[in-house]
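Take a look at the structure below.
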Amino acid sequence: MGDFNLTSLIFSIIGGLGLFIFGIKIMGDGLQKVAGQRMKDIIGYLTDNRFVGMGLGTLVTSVIQSSSATTVMLVGFVNAGLITLIQAIPVMLGAAVGTTITAQLIAFRLTDYALPIIGVGSAMYLFGKRKRTKQIGEAILGFGILFLGLNIMSSGVKPLGQSAVVRSSFTRFSHNILLGILVGTIATAVIQSSSVTTGIILALAGVGLLDLRGAIPLVLGANIGTCITALLASIGTNLSAKRLAVAHVVFKVVGALIALILFPLYFLLTIRSSGNLMRQIANFHTIFNITNAALFIGFTPLFARMMKKIVPGKEVVIEHGPKYLAKDLLNTPSIAIDAAKKEILRTLKFTKGMVQDAMDAFYDEDLKKIQNVISREEIIDELQDSITAYLVKITEKEISETEAAMIPALLHSINDIERIGDHAMNLADFAERKIDHGLKFSGKYIEEIKKIELLINEMMDDAVKALPELDKALAKSMLDKEDRINRLVIEYRTAHTERLTNGVCSHRSGIVFIDMLMNFEKIGDHLTNIAQAIQGKLQWNGDDV
């Protein structure tokens, strides 16, 4: 195979690849700190313009340097109901274009300047006074480490380029396109980064082990393999999020098939784009993704409908944002207060659903129910902020003494409802802990949990009915139930201590049981606050929601 040290070769490849991957991560982290959160916020407030969406996807991914990260972010946003499938698809298309920036940077072959770049980045990171200077320094440091790793990796594999056997093996990729795609797909699925795979391809091409005809199938495979990250992220999500992950696969696979059919044309365009092999490979990566995105962007609605056929099922649509808080109502404070009450009742119903889903997840060990709770929690927080801001604006108007006295009661009520949502999140966390650790609960424990849960559900049902009609009798019923909950909690804690002493239950299951009792008790306390508001100053003149 030629004269080279096998140990040195292996160490160079492992160390160089490690530095290369680490450099990409450090650079991405630095860039995300500089502008990443702003980019996420932009995605969260997408318009319905598909071209704007694609542009945002390109911009965000070129900043965070990972199409997988952008797509996973989109899966999360769609699952949470922040954006729709049809809004997410153009961003996903743009992400494919944005990720090609890494390959273009690598093709500049700045390996000779890796150490000075690292020096500049380190100085900015270590000695910078401002936070932003340190963040930019971190990105530059990662950029330099990336090229240092590439240099070490290229130096390590360079002797292989002198081996006729090795060169012959790599030449097979030039003659077996499907094998090249398969290898690129598997490698990227394992590494979970098309940028890393493309970097390795460029390194191999740089030392003469790959020509353009052999590199193109590997690049196509890298584009397909990157879909694995979004597919994994979609496990346990809602239908729309799953459809987006599948859309990502279809987008890449169909694009690769088109590239194979039009291989001579792609090859000719790439050859003419540059006289440098590494630049040609980077250009193919860019040309492929731009062409693919341009092809799909015109058929976004059709593409979204097709995903509904491929991943069938009925979606549960969760509405985000306030439904009743119209700005024009603020000029008539009494009507605006009624609107706020309706929104509070709507929020209470969301919260009731969270508690129900959390307990269903606990009994049935259903991860989807846990995800539902997490998604709803974001909605509750958003509604609390909107309702609070709306009530504050009402206080700035000329209002009667009765209305002025009503505002604090409403503010306290929405805060209590939000806190119930937090406790529902805790209950969902206990369900997840039960699943993850295989915790077992005896029939007696489940019976006790269900008794308290039943009282909590009855209190929440009473609250939903009592609020619209200002039903003081139902409010009194809520207070009576809360007293029963408190008595049961004390009784069950005592019984649990006895069972624990007698070795009837495990310590870990016992901790979860006690924590659940505490959270049920807190939910009862917050519902009591709402009942007291109903009995006191809260007035309700609106219809039921």
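Taken together, the values in this text are just the output of simple stated rules run on the coordinates, not laboratory data. Since the model is a prediction, treat every value here as computed from it, not as a measurement. Note that each Cβ is placed from the backbone with ideal geometry, even for glycine, and that neighbours are counted across all protein chains shown.
On full extension, the segment bounded by L232 and V249 gains 4.9 nm, given 0.36 nm per residue less the C-alpha separation.
With K and R counted +1 and D and E -1, the other residues having a Cβ less than 12 Å from that of I449 yield a net charge of 0. Amide hydrogen proximity for N176: with H placed 1.01 Å from N in the peptide plane, no residue at 5 or more positions away or on another chain lies under 5 Å.
Between the beta carbons of R484 and A389, assuming R0 = 30 Å, the FRET efficiency works out to 0.25 to the nearest 0.05. Summing +1 for each Lys or Arg and -1 for each Asp or Glu among the other residues whose beta-carbon sits under 11 angstrom from that of I485 gives -3. Helical runs assigned H by DSSP (4 residues or longer) give the chain a calculated mean residue ellipticity at 222 nm of -27000 deg cm²/dmol, each run adding -39500 (n - 2.57) before division by the residue total.
Annotation: aspartates and glutamates with alpha-carbon distance below 19 angstrom to K434 (same-chain offsets under eight excluded): D357, D360, D364, E365, D366, D422, E447, E448, E453, D515.
Relative to the compact-globule estimate of 2.2 N^0.38 Å, the Cα radius of gyration of the chain comes out at 1.22. Exposure proxy shown here: for I258, I10, the number of other Cβ atoms within 10 Å sets the order, fewest to most, as I10, I258.
Return one number: the angle in degrees, 0 to 90 and rounded to the nearest 10, between the long axis of the Cα atoms of helix 401-436 and the longest principal axis of the Cα atoms of the chain. Orientation of helix 401-436: about 50 degrees from the principal axis. Each label was represented as a point 7 Å from its Cα along the Cα-to-Cβ direction; for R305 and L268 these points are 3.5 nm apart.
Counting Lys and Arg as +1 and Asp and Glu as -1 over every other residue whose Cβ lies under 12 Å from the Cβ of V504, the net charge comes to +2. For E418, E138, the sequence from fewest to most other C-beta atoms within 10 Å is E418, E138.
Can you pull a Stokes-Einstein diffusion coefficient for the stretch 271-372 at 10 °C (1.306 mPa s), Rh from Kirkwood over Cα pairs, as a whole number of µm²/s? Rounded, D is 82 µm²/s.
Restricting the calculation to Cα atoms, the stretch 360-475 yields a radius of gyration followed by a Dmax of 18.3, 59 Å. 3J(HN,Hα) along the stretch 360-375, derived from phi through the Karplus expression 6.51 cos²θ - 1.76 cosθ + 1.60 where θ = phi - 60°, amounts to 4, 4, 5, 6, 9, 6, 9, 5, 5, 5, 4, 5, 4, 4, 4, 5 Hz, with x in place of Gly and Pro. Using 1/(1 + (r/R0)^6) with R0 = 41 angstrom and r between the beta carbons of F127 and Q192, what's the FRET efficiency to the nearest 0.05? It comes out at approximately 0.75.
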